[in-house]
1. Just flag the GluC sites (Glu not before Pro) in the stretch 1-99 sitting in loop per DSSP whose Cβ has no more than 12 other Cβ atoms within 10 Å.
2. Please work out the FRET efficiency for the pair VAL110 and ALA43, using the Cβ-Cβ distance as r and a Förster radius of 25 Å; give the result to the nearest 0.05.
3. I'd like the accessible area for LYS100: 1.4 Å probe, protein heavy atoms, all chains in place, Å² to the nearest 10.
4. Under 1.5 on a/c is rounded, so check that first for the chain, then, if it is not, pick prolate when a/b is larger than b/c and oblate when it is not; a ≥ b ≥ c are the square roots of the alpha carbon gyration tensor eigenvalues.
5. Among ALA58, ALA99, ILE16, pick out the residue whose Cα is farthest towards the positive end of the charge dipole of the chain, where Lys and Arg carry +1 and Asp and Glu carry -1 on C-beta, about the Cα centre.
6. Return P(r) of the stretch 1-70 (all Cα-Cα pairs; 5 Å bins starting at 0; whole %; ordered from short to long distances).
7. Can you figure out the FRET efficiency of LYS100 with ILE8, using R₀ = 35 Å and their beta-carbon distance, to the nearest 0.05?
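The values are calculated or read from the model by the stated rules, or taken from the named source; none is laboratory data. Computed from a predicted structure; not experimentally measured. Note that we place each Cβ from the backbone using ideal geometry, even for glycine, and neighbour counts take in every protein chain shown. Please note that ligands, DNA and RNA were not included when accessible areas were found on the heavy atoms of the full protein model with its side chains. Shrake-Rupley method; radii C 1.70, N 1.55, O 1.52, S 1.80 Å.
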Amino acid sequence: MLIDDNNIDCFIANRIIVNSNLTDLVSMQNSAVDALSYLQKVAESEFDFPDLIFLDIAMPMMDGFAFLNEIIKFKPVVEGNCVVVMLTSSGNDKDIDKAKTYSYVKDYFVKPLTLEMLARLM
């Protein structure tokens, strides 16, 4: 899953992910609120719950950190079957350090996403 309010960043990240053969389908959500709503719907079926979520920080209504505080309520995250990778334009050390405090955040990437970044995840 890709959560980002910037359509250009979503397009670029989606193309990189699909071209990497990591997956054939990327669920894209334009806000953290929409993403939580989607995850609530699929939470019943762990098959549909994403294994990996790319998350932006700066978004309206709910930022990435507020999303991180909510996603821990879902069973696949609690059990370690879903991880989050921060994919953001912020290279701010405070944001990086804050992201590291969440055990289910696997990595922190500064946009744009590249094949080299994806290789670090495999």
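1. Loop-located and lightly packed - GLU44, GLU79.
2. The computed FRET efficiency comes out at 0.25.
3. Taking all protein chains as shown, LYS100 has close to 150 Å².
4. Rounded shape, in that the Cα axes give a/c under 1.5.
5. Value computed over the given set: ALA99.
6. Per 5 Å bin, starting at 0, the Cα pair percentages come out as 3, 17, 28, 24, 18, 9, 1.
7. Working from the Cβ atoms, E equals 0.80.
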